[in-house]
Amino acid sequence: MKVVAGNWKMNMNYKEASALFNSLNNRLINDVEVILCPPSIYLSEFSNKLKNVKLAAQNVSSFISGAYTGEVSAQMLKNIGVDYCLIGHSERRALFNETNEVINTKIHLLLENEISPIFCCGESLTDRESGVQNEIIHNQLELGMNGLDLTQLQNCIIAYEPVWAIGTGLTATSDQAQEMHFFIRNYLKKRFQIENEILSQIPILYGGSCNAENASEIFSKNDVNGGLIGGAALKEDTFSSIIQSF
Ligand code: 13P
């Protein structure tokens, strides 16, 4: 499956968000799963109009229900027709203290509610400079996906987002992306003892300063099945050309 997801983060007022959603949603897109991740306040309205795109939430509560002011549960997201949810984004890890254990709890809640997690992992610049990126990603996958079985894994999307490439304009080279995506796929193969055919169907997306200029080079790599796009997802023309970059 080819996937391009646009993570809008906390950007765009209602008018801008509606306009971008409507134009992407009305465009027939062959062969690529296009997932939009708008701020949660827009999800309910957009989900009533879905045609050619899918919706992802940017976050979900780690609690089932109850006295958790400000939180939105996995069941609520499912009720309004959300199919995906970002989990483990480096901004949530760094700014909202999300640990691998919290991320793991959220993944289980999402899967119980038939929402597919888009599981983000990525190393910091210091990690990469010290050459420990593989250990970091291994650890994030091991703890974040703890307790999942193969069927559950088949309902997940993985996104490799090196922290040093997010919003910096500093993209991983296509070879660096391929190397890490291969490492991740190999990890999944061993951990879940998956046959190659099923393994190749698990989407692994690249994220981090991916744009209309570099997407086709990155997407051309064997183990890169698409992208998780931040800044370049906020403009219709750049996001559309990324979708056409396969
Ligand atoms: P940028 O594309 O702006 O670097 O952001 C990537 C990202 O964090 C997507 O989740």
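In this structure Asp149 has an accessible area near 80 Å², from a 1.4 Å probe over the protein heavy atoms. For the residues Gly231, Gly144, Gly66, a GNM of the chain with alpha-carbon springs under 10 Å puts the largest fluctuation on Gly66.
Across region 146-151, rounded Karplus estimates of 3J(HN,Hα) from the backbone phi angles (6.51 cos²θ - 1.76 cosθ + 1.60, θ = phi - 60°) give 4, x, 7, 9, 4, 4 Hz, Gly and Pro being marked x. Computed on protein heavy atoms with a 1.4 Å probe, the accessible areas place Ser241, Ser61 in the order Ser241, Ser61, largest first. Averaging the Cα positions of each part gives two centres, and for region 1-18 and region 25-49 these lie 8 Å apart. Put simply, the amide H of Ala159, placed in the peptide plane, has neighbours under 5 Å in Phe119, Cys120, Cys121, Leu205, leaving out anything fewer than 5 places away on its chain.
Highest average first, the peptides 75-82, 45-52 ordered by how many other beta carbon atoms sit within 10 Å of their residues are 75-82, 45-52.
Between region 162-217 and region 83-128, how many Å separate their Cα centres? Spelled out, the Cα-based centre of one part sits 16 Å from the other. Return the single residue from Ala19, Ala165, Ala215 with maximal mean-square fluctuation; model: Gaussian network over the chain, springs between Cα atoms under 10 Å. Result: Ala19 has the largest fluctuation of those listed. Using the Cα gyration tensor of the chain, with a ≥ b ≥ c the square roots of its eigenvalues, what is the shape: rounded (a/c below 1.5), prolate (a/b larger than b/c) or oblate (neither)? Rounded, since a/c falls under 1.5. Lysine pair count for the chain with Cα-Cα distance under 19 Å and sequence separation of 8 or more or different chains is 14. Counting only protein chain heavy atoms and rolling a 1.4 Å probe, the accessible areas of Tyr187, Tyr14 rank, largest first, as Tyr14, Tyr187.
Based on Cα contacts under 8 Å between residues 6+ apart, the chain shows a relative contact order of 20 percent.
The values are calculated or read from the model by the stated rules, or taken from the named source; none is laboratory data. Predicted, not measured: the structure shown is a model, and the values here were computed from it. Using ideal geometry, Cβ is built from the backbone for each residue, glycine included, and neighbour counts are taken over all protein chains shown. Note: accessible area is taken over every heavy atom of the protein model, side chains too, but ligands, DNA and RNA are not part of it. Shrake-Rupley method; radii C 1.70, N 1.55, O 1.52, S 1.80 Å.
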